[in-house]
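Report on the following structure.
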Amino acid sequence: MNGKKYNKILIIRTGAIGDVVHTSALFHSIKKHYKDVKIHYLTSELIRPLIENDPDLEKVLSINPKFNFFSAETKDYINKIKLENYDLAINLQPSLKIKFMLFLAGIKKQYIYKKTFKIHAVTNFWQTGLKAFPEIMPEKNLKLYLNEQTISNAKERLKNFPRPFVIINAGGVFSKRQGRTYPIEKWVKLGEEIYNKYGGTVILNGAKEDKEILSVLSRIPGSVNFIGELELIDSCAIISQADLMISGDSGPLHIATAFGVNSIGLYGSMPVLRTGCYSNGINITSTKDCVPCNRRKCKYLRNSDELYAPCMDEIPTEKIMETVNKLI
């Protein structure tokens, strides 16, 4: 059976945010070459607003990734999926729970994603779909869609601030993965240098759990602090209006590239080959011999009060500033 014979399919990726952004190239490619195929997407409740306005998706479903199989809610949800009568599932979240859920929902045909670090995640997801839709071609750019009201709200929030808008995404300090976050004091130095040279507005972005520790970033002149203040979709809208994003490997970084925002990705432990900026971006990689280790815990951090892996700490602000000068 080739892709032309599929009438309705379900794509599944419940997280993380950057991964869901990276899957967008797959369903855009499918819709471009197989216009009559109805595409539904199953993701997490948190991420659903990020893709629910995409014109290539007929329906976006959401589920709690920590769902309990034995709950009445889950049984009801499985029945709803079953009623959709999907011809095919492209399972990009190949956990045992998801596989079993699709089996109970009666989806007999599945193409299952197998992770590899030899290619970019966008290509990895796309190749999974290629098995079912052999005529699709790789997308050169990622793309996200927001509704007009959300964008209007973002413009209203920013209307009294001067351009250029440079976002510093310093979140993830307490992430499960070390080696992704840049030291706070270096962020402050970088922000000051950007403001002193270009003026404009330095927009501070980050996770709610990092709000207190990142409060020192407000020392940056010309800064506006949105850390922990916005819902995901509102944060996305702010990012869409930026002139430049600077971030470690994170969901906001990949969101920025999908909106066509010039971006600088700072990479320590994470493999830039797999998760570097896919488009509209320049990756700055640590020169430490141990990178990319792709470890959750840095072997050089032995005390609980040590927050920043040596690989990220080693990246000089001067090198980042050189790249800023190319993009503004």
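The values are calculated or read from the model by the stated rules, or taken from the named source; none is laboratory data. Treat the numbers as computed from the prediction; the structure is a model and nothing was measured. Glycine also receives a Cβ, built like all others from the backbone with ideal geometry; neighbour counts cover every protein chain displayed.
Select from the range 196-210 the residues that are modelled with pLDDT under 95 and surrounded by fewer than 16 Cβ atoms within 10 Å (Cβ to Cβ) and list them in ascending order.
Across the range 196-210, the qualifying residues are Lys208, Glu209.
What are the pairs, 6+ residues apart or on separate chains, where a residue within the range 203-224 that is hydroxyl-bearing (Ser, Thr, Tyr) has its Cβ under 7 Å from a residue that is surrounded by 14 or more Cβ atoms within 10 Å (Cβ to Cβ) and at pLDDT 95 or above?
Correct list of pairs: Ser218/Asn225; Ser223/Gly191; Ser223/Val202; Ser223/Leu204; Ser223/Leu217.
Anything in the range 168-193 that is charged (D, E, K, R) and either closer than 23 Å to Gln241 by Cα or without any contact (Cβ under 8 Å) to a residue 40 or more places away in the chain (or both)? List them, or say none.
Across the range 168-193, the qualifying residues are Glu185, Glu192, Glu193.
Taking Ser62, is it surrounded by 13 or more Cβ atoms within 10 Å (Cβ to Cβ), part of a helix (DSSP H, G or I), in contact (Cβ under 8 Å) with a residue 12 or more places away in the chain and not β-branched (Val, Ile, Thr)?
No; evaluated as a whole, the condition is false for this residue.
Inside the range 104-130, can you point out the residues that are closer than 21 Å to Lys8 by Cβ and surrounded by fewer than 13 Cβ atoms within 10 Å (Cβ to Cβ)?
Within the range 104-130, Lys108 is the sole residue that qualifies.
Go through Val122, Val166 for me and flag whichever is in the same structural domain as Gly265 (by TED's automatic domain parsing) and either more than 27 Å from Leu232 (Cβ to Cβ) or in contact with a helix residue (DSSP H, G or I) (Cβ under 7 Å, 6 or more places away or on another chain) (or both).
Val166
Please give the number of the condition Gly171 fails out of (1) buried (at least 19 other Cβ atoms within 10 Å of the Cβ); (2) out of contact with any Asp or Glu (no Cβ under 6 Å at 6 or more places or on another chain).
If we test Gly171 against (1) buried (at least 19 other Cβ atoms within 10 Å of the Cβ); (2) out of contact with any Asp or Glu (no Cβ under 6 Å at 6 or more places or on another chain), just (2) comes out false.
Would you point out the residue of the range 124-181, among those that are charged (D, E, K, R) and not in a loop (DSSP other than H, G, I, E, B), that is nearest to Pro94 (Cα to Cα)?
Glu148
Yes/no per residue for (1) of a type in the set (S, T, N, Q); (2) surrounded by 19 or more Cβ atoms within 10 Å (Cβ to Cβ); (3) outside any loop (DSSP other than H, G, I, E, B):
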site: Val20; (1), (2), (3): no, yes, yes
site: Ser24; (1), (2), (3): yes, yes, yes
site: Phe27; (1), (2), (3): no, yes, yes
site: Asp36; (1), (2), (3): no, no, no
site: Pro55; (1), (2), (3): no, no, no
site: Phe70; (1), (2), (3): no, no, no
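Can you tell me which condition Gly228 does not meet? The list is (1) within 24 Å of Arg48 (Cβ to Cβ); (2) touching an Asp or Glu at 6+ places or on another chain (Cβ under 9 Å); (3) at pLDDT 95 or above; (4) among the small types (Gly, Ala, Ser), and all the others hold.
Result: Gly228 fails condition (3) only.
How many residues are closer than 17 Å to Tyr41 by Cβ, touching a helix residue (DSSP H, G or I) at 6+ places or on another chain (Cβ under 7 Å) and part of a loop (DSSP other than H, G, I, E, B) if we restrict to the range 80-118?
Within the range 80-118, residues that are closer than 17 Å to Tyr41 by Cβ, touching a helix residue (DSSP H, G or I) at 6+ places or on another chain (Cβ under 7 Å) and part of a loop (DSSP other than H, G, I, E, B) number 3.
When the range 289-311 is examined, which residues are found to be under 26 Å from Thr123 (Cβ atoms) and charged (D, E, K, R)?
Arg295, Arg296 - these are the residues of the range 289-311 that are under 26 Å from Thr123 (Cβ atoms) and charged (D, E, K, R).
Quick one: count up the residues across the range 85-94 that are buried (at least 17 other Cβ atoms within 10 Å of the Cβ) and either among the small types (Gly, Ala, Ser) or on the phi > 0 side of the Ramachandran plot (or both).
Result for the range 85-94: 1.
Can you tell me which residue among Ile315, Ile282 is buried (at least 17 other Cβ atoms within 10 Å of the Cβ) and in contact (Cβ under 8 Å) with a residue 24 or more places away in the chain?
Ile315
Kindly provide the set of residues from the range 131-145 that are surrounded by 14 or more Cβ atoms within 10 Å (Cβ to Cβ) and either assigned by TED's automatic domain parsing to the domain that holds Leu273 or touching a Phe, Trp or Tyr at 6+ places or on another chain (Cβ under 7 Å) (or both), ordered by number.
Answer for the range 131-145, where residues must be surrounded by 14 or more Cβ atoms within 10 Å (Cβ to Cβ) and either assigned by TED's automatic domain parsing to the domain that holds Leu273 or touching a Phe, Trp or Tyr at 6+ places or on another chain (Cβ under 7 Å) (or both): Ala132, Phe133, Leu142, Leu144.
What is the one condition in (1) buried (at least 17 other Cβ atoms within 10 Å of the Cβ); (2) more than 30 Å from Asp234 (Cα to Cα); (3) in contact with a Gly (Cβ under 9 Å, 6 or more places away or on another chain) that Lys82 does not satisfy?
That leaves (1) as the condition not met.
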